[in-house]
Amino acid sequence: MEILEIFGVQFVLSAIVFALIAKWYAAPWLADKSKQVALGLLILPHAFRHIGLTFLTPAGVNEGIPSTFATAAAYGDFASGLLAILALIALRRNWPLAMALVWVFSLVGFADLLNALRQAEAVPYFAAVWYIPTFLVPLLLVTHVMIFARLLGGDVAAAEQTTTRDKPAH
């Protein structure tokens, strides 16, 4: 297999496994959680996106990696990670702007991942950072989709509590 084929297989299989975990285990478990709690749990993996700064290190990537990719991926991940931490704090402290911060984080973070994925010319230079796009990025993409679904779908737990509370007793 060629390097891009190996990358593609690993990326797709990781995405499938994370999607199955999300569907079978995470989504049902999060369904009874409040929007605030569910979003906080889904944002947690993104708080480690400072790891993307490794794209700027000679120990992490091979010489010759396109600097446009390395710089955008590293600082995009770093910014996304800082925004994730800020969103986590805002959710935890119930700040009035918490949901707005979650939106900003998720839009910036998702755009960063899409931008990195479109730059396949960088793949042969990944070296030690290979695990980031083949293992972590699929996890981050799946959690972004789950975050967007929760942001757009409302607070399932609160809606169910309201519905249950409003039902007449038998």
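The values are calculated or read from the model by the stated rules, or taken from the named source; none is laboratory data. For clarity, every value in this text was computed on a predicted model and none was experimentally measured. FYI the Cβ positions are ideal-geometry reconstructions off the backbone, even for glycines, and counts take in every protein chain you see. Protein only, heavy atoms only, side chains kept; ligands, DNA and RNA dropped before computing areas. Shrake-Rupley method; radii C 1.70, N 1.55, O 1.52, S 1.80 Å.
Output yes when any residue across region 90-110 is without any contact (Cβ under 8 Å) to a residue 12 or more places away in the chain and within 18 Å of Leu141 (Cβ to Cβ), and no when none is.
Pass one, region 90-110, residues without any contact (Cβ under 8 Å) to a residue 12 or more places away in the chain: 93, 95-97, 100, 107.
With within 18 Å of Leu141 (Cβ to Cβ) added as a condition, the list becomes 107.
Yes, region 90-110 contains a residue that is without any contact (Cβ under 8 Å) to a residue 12 or more places away in the chain and within 18 Å of Leu141 (Cβ to Cβ).
Do you know which residues across region 90-101 are among the aliphatic types (A, V, I, L, M), surrounded by fewer than 18 Cβ atoms within 10 Å (Cβ to Cβ) and assigned to a helix (DSSP H, G or I)? Before you say what the answer is, go through the steps one by one.
Filtering region 90-101 for residues among the aliphatic types (A, V, I, L, M) gives 90-91, 97-101.
Narrowing further to those that are surrounded by fewer than 18 Cβ atoms within 10 Å (Cβ to Cβ): 97, 99-100.
Those that are among the aliphatic types (A, V, I, L, M), surrounded by fewer than 18 Cβ atoms within 10 Å (Cβ to Cβ) and assigned to a helix (DSSP H, G or I): Met99, Ala100.
Ala120 - would you say it is surrounded by fewer than 16 Cβ atoms within 10 Å (Cβ to Cβ), more than 21 Å from Leu42 (Cα to Cα), hydrophobic (A, V, I, L, M, F, W, C) and at pLDDT below 95? Step through it out loud before you land on a result.
Values: surrounded by fewer than 16 Cβ atoms within 10 Å (Cβ to Cβ): yes; more than 21 Å from Leu42 (Cα to Cα): yes; hydrophobic (A, V, I, L, M, F, W, C): yes; at pLDDT below 95: yes.
Yes.
Within region 102-117, can you find the residues that are touching a Leu at 6+ places or on another chain (Cβ under 8 Å) and open to solvent by less than 40 Å² (accessible area, probe 1.4 Å)?
Passing the criteria: Val102, Phe105, Ser106, Gly109, Leu113.
Pick out, from region 3-79, the helices (runs of 4 or more DSSP H) lying fully within it that include 1 or more residues that are under 23 Å from Val129 (Cβ atoms) and open to solvent by 50 Å² or more (accessible area, probe 1.4 Å).
Details: elements: 3-21, 27-30, 35-43.
Here the list reads 3-21.
Out of (1) surrounded by fewer than 21 Cβ atoms within 10 Å (Cβ to Cβ); (2) farther than 24 Å from Val17 by Cβ, the odd one out for Ala87 is which?
(1)
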